[in-house]
Structures are given as C-alpha cells and as structure tokens.
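Worksheet for the structure shown next.
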C-alpha cells in the first residue's frame, strides 16, 4: 500500500508540475506577443532572420506577389471548420522571398478540390507580424512534402523545402498579414486560443488527486493503528 501510494502521489505531482510548466510557457507567449506588438514596425531589408526580429515583431516590407507559386497549409481550422492557410511568396528586390500568410480559407469535402486563391502579380507594401512556421505535434510520413503542382498543399512547411520548390532563398519566418490589408482572407492572429488558466486548472486537478491519495493512505494507516490498539486493550 505504501509503495503504491508513493508511486501514485509522485505521478500526480509530476503531471501537475508539467501542467504548471505548460501554463508558464503559454503565459510567456502572451507576454511576448504583447511586448512585441507595442514596438514600432521594422522595415525589412531582405536579410533578416527570425532570430534577429523575434516572434510577433511587427514589420513592413515591399515586394511583388508571386501568384503562380503559392502554398496551402493543410489541417488549419477556424472556429471548428477545416481549411487552409494561404502562404504567398513576396519577391524582394534582392531575389529573396518572404512568405506572407494571407489568412485562412475554408476547404471542401472533396480534398481534390482546392479553394481559389488567385491574386494579381503586382508590387505591394505589406505590414504584419513575424512568426515561425507552424510545427507538427506528431511527425507523420509525407506531412513535410508539398504536393506536386501549384498551389502546393503541405501540412508542415519548412523554409528549406519552400526554397527548393521556389528555387530562390526564402526567409526562415512567415509574415502574418494585417487584417486591414486587401488581398487577404480570415486573419485572426491574436493568441486567443492560448489559455494558461486551462493548464492551471488541470494542474490543480492532478495536485488534488495527489492530496486525495495521500489522505487515503493516512486515513488507512490511522484506521489500522486504531485497530491494533483495540486488539491490545
């Protein structure tokens, strides 16, 4: 009983601490976003990296849309509906490309049918926030390989893969285009889905389980001790 209780309490405390760490990570992201969005926008020169700018830093950049070589990020949802996020290359004067996330579009039941994401090839000035490319929670075969043809459908797009497909250098970050600009779709970039309180709630549940397990062990021990005293009386 003692070993089983110790193992259970240790497990519950470990899970509770893990949820608390998750809550701290989520809160750090929210704090970083708030801090970065208060800074003035940086005018991109074409050679910046994500490490130079930091996630969520506001930027402004001028380039030319490349409508013939767009990517569709598969598996993106909006309010419970499946769809895609549209990444459109913006060609800069130094032959480098930055991928601009123009927002979310709904998908169709037939995955062979893709949404229309046409855009005119022209020079534009884009403002938005810098972010890394989405990462995979679970790495599955083929999810990092874009489909043939254009637009190319892919679940996880890596800058190196995009550069190989475009045959041009690609920045190691995406720009999430501001909602007020034209040429975009659904753009709700605020981290409203990140709720540290949810992880804190989970942590309290695990800590409660640990307290209950410990309390039951103490109660059982006291009950057994009382029986021994009664037998000796």
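Computed from the coordinates by the stated procedures, all read-outs in this text should not be read as laboratory data. These numbers come from a predicted model, not from an experiment. Heads up, the Cβs are rebuilt from the backbone with ideal geometry, glycines too, and the neighbour counts pull from every protein chain shown.
Helical runs (DSSP H, four residues minimum) scored at -39500 (n - 2.57) apiece and divided by the length of the chain put the mean residue ellipticity at 222 nm at -12500 deg cm²/dmol.
Taking the number of Cβ atoms within 10 Å of each Cβ as an exposure proxy, the fewest-first ranking of 143, 20 is 143, 20.
For region 27-113, the alpha carbon convex hull comes to 122 Å³ per residue, rounded to a whole number. At q = 0.24, 0.28 Å⁻¹, what is the log10 ratio I(q)/I(0) for region 152-194, with the Debye formula run over Cα points and no solvent? For region 152-194, the Cα-only Debye profile gives -0.97, -1.00.
Mean separation of Cα pairs under 8 Å and 6 or more residues apart, divided by the residue count, gives the chain a relative contact order of 27 percent.
To make sure I understand, if each residue's beta carbon is the centre and we count other beta carbons within 10 Å, what order do 69, 220 fall in, fewest to most?
Values: 69 18, 220 13.
So the ranking, lowest neighbour count to highest, is 220, 69.
With both residues required to sit in the chain, DSSP beta bridges show an antiparallel share near 75%. Count the DSSP beta bridges whose two residues both fall in region 39-177, then state the antiparallel fraction as a percent rounded to the nearest 5. Roughly 75 percent of the beta bridges in region 39-177 run antiparallel, per DSSP.
Does region 39-177 come out rounded, prolate or oblate, given a ≥ b ≥ c as the square roots of the eigenvalues of its C-alpha gyration tensor, rounded meaning a/c under 1.5 and, failing that, prolate meaning a/b above b/c? Cα axes put region 39-177 in the prolate bin. Using equal-weight Cα scatterers in the Debye expression, the normalised intensity of the chain in log10 at q = 0.11, 0.13, 0.17 Å⁻¹ is -0.67, -0.84, -1.23. As a rough footprinting exposure proxy, the listed residues 26, 223 were ranked by other beta carbons within 10 Å of their own, and the order from fewest upward is 223, 26.
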